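Encoded as structure tokens, the structure appears first; notes follow it.
The values are calculated or read from the model by the stated rules, or taken from the named source; none is laboratory data. The structure displayed is predicted, hence computed values, not measured ones. Cβ placement follows ideal geometry from the backbone for every residue including glycine, while neighbour counts extend to all protein chains displayed. Heavy atoms of the whole protein, side chains included, go into the accessibility calculation; ligands, DNA and RNA do not. Shrake-Rupley method; radii C 1.70, N 1.55, O 1.52, S 1.80 Å.
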Amino acid sequence: MESLGAFLKSRRDRITPADIGLRTYGTSRRVPGLRREELAQLAGVSAGYYTRLEQGQAETASEQVLDALARALQLDQIETVHLHNLARQSAMPGLSEPRREQPHPRVLALLKSLGEATPARVLGRRGDVLAWNRTGHALVAEHLAFDAPQDSARRPSIPRMFFLDPLVRELYRNWHELAQIHVAHLRLTAGRYPTDARLAELIGELTMRSDDFAELWATGDVADCTVGTMHLQHPTVGSASVDYQVWLQPDSPDHRLEIFTPNDTSSADALRILTHQVSEQRSPDSEYARNSRLTLRRAQARPRGHQRSDPQHKDTRDAAGHLGWDVARGMGGD
């Protein structure tokens with residue numbers, strides 16, 4: 001997925017001599033950032049050893065050397081962790097099929113305890129949706145079936161949705177900002193789990209199918225994804241700004257519970273409307289449900305092949321179609 005040498009080169013290209021106070025005396029340079037020998041000198045290692053390390057010819061590097069390189073490259077904490085993860089890959093076996101992911105009962109109990117007033121979802125290692133509450137589903141993926149996470153073969157993949165689903169792209173007003181975060185976090189995950197064949201397949205697929213993903217992946221950026229803001233243009237409740245925060249799970253360290261809270265008063269109103277609509281669609285005694293059942297019974301009672309041209313018949317067929325769409329999205333009841 002990514003080698004230690006490739007990451008070192010991408011970070012070396014990012015640092016200019018001026019960033020570290022290195023004088024170049026006006027000489028022309030063929031590299032965008034630091035030369036190998038310059039970085040080696042800053043890290044206190046020989047130029048030959050660093051060259052072998054970047055080219056994948058050195059077996060490993062000590063933690064002291066890696067920390068020295070991290071300081072010279074001005075890596076942040078997450079980038080330094082990623083650097084150490086990549087250095088351990090040489091001792092690991094090749095790709096293997098990971099075990100099927102299942103959310104731990106305790107995180108499902110926590111998700112249930114949030115109720116429907118707080119949109120939330122449980123994400124797996126590769127960004128697959130393992131579970132969500134109905135408001136979380138309605139907020140970020142109401143065009144998909146609510147029960148999709150229960151089937152591992154059709155679980156929604158957040159990275160695939162983000163880069164390959166045009167409806168999801170239209171949902172986010174700050175799509176490019178969030179896309180950068182998604183790719184940087186996926187790179188961090190790839191460093192943590194270098195033998196995950198499904199993860200390698202995901203990265204390969206997105207690189208081939210999405211020019212945006214390929215361009216962002218080529219930057220080499222790495223970051224964790226714990227807090228942030230999503231600016232939405234929601235098809236049901238309109239404009240809303242929602243903060244997300246991620247809770248790591250002790251029972252399953254590579255699973256995350258992600259919750260969404262409103263960023264301002266108008267967004268809080270939008271989430272209340274969304275919560276109310278979800279509740280109305282679930283309740284068997286709501287006016288929405290009663291009207292839907294009545295419409296469906298009327299539509300089913302008409303003889304097959306019987307055609308009417310009056311507007312009332314058209315309205316009945318249209319309403320039945322909308323009900324079928326609601327059921328397909330998993331919003332017509334449990």
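For this structure, a couple of remarks:
- Flag if Thr219 is of a type outside the set (Asp, Glu), under 29 Å from Ser113 (Cβ atoms) and in contact (Cβ under 8 Å) with a residue 40 or more places away in the chain: no
- Verdict on Ala179 being farther than 16 Å from Asp254 by Cβ and touching a strand residue (DSSP E or B) at 6+ places or on another chain (Cβ under 8 Å): no
- Summed over the stretch 257-270, residues that are more than 17 Å from His137 (Cα to Cα) and within 21 Å of the chain's Cα centre (by Cα) total 1.
- Where Leu22 falls short, out of the listed (1) surrounded by fewer than 16 Cβ atoms within 10 Å (Cβ to Cβ); (2) under 27 Å from the mean Cα position of the chain (by Cα); (3) assigned to a loop (DSSP other than H, G, I, E, B): (2)
- Those residues of the stretch 235-268 which are of a type in the set (A, V, I, L, M) and not in a strand (DSSP E or B), in sequence order: Val237, Ala268
- Residue match in the stretch 207-217 (condition: out of contact with any Ser or Thr (no Cβ under 6 Å at 6 or more places or on another chain), modelled with pLDDT of 95 or more and closer than 21 Å to Trp132 by Cα): no
- Options Glu79, Glu2; residue that is closer than 25 Å to Cys225 by Cα, assigned to a helix (DSSP H, G or I) and open to solvent by less than 30 Å² (accessible area, probe 1.4 Å): Glu79
- The residue of the stretch 95-113 that is nearest to Ile15 (Cα to Cα), among those that are touching a helix residue (DSSP H, G or I) at 6+ places or on another chain (Cβ under 9 Å) and part of a loop (DSSP other than H, G, I, E, B), is Leu95.
- When the stretch 238-256 is filtered for residues that are touching a residue at least 40 places away in the same chain (Cβ under 8 Å), buried (at least 16 other Cβ atoms within 10 Å of the Cβ) and over 15 Å from the mean Cα position of the chain (by Cα), the ones remaining, listed by number, are Val242, Gln249, Ser252.
Here's the yes/no breakdown for (1) among the hydrophobic types (A, V, I, L, M, F, W, C); (2) open to solvent by 10 Å² or more (accessible area, probe 1.4 Å); (3) more than 27 Å from Gln102 (Cβ to Cβ):
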residue	(1), (2), (3)
Val168	yes, no, no
Arg173	no, yes, yes
Gln180	no, yes, yes
His185	no, yes, no
Arg198	no, yes, no
Phe213	yes, no, yes
Thr219	no, yes, yes
Ala223	yes, yes, yes
Val227	yes, yes, no
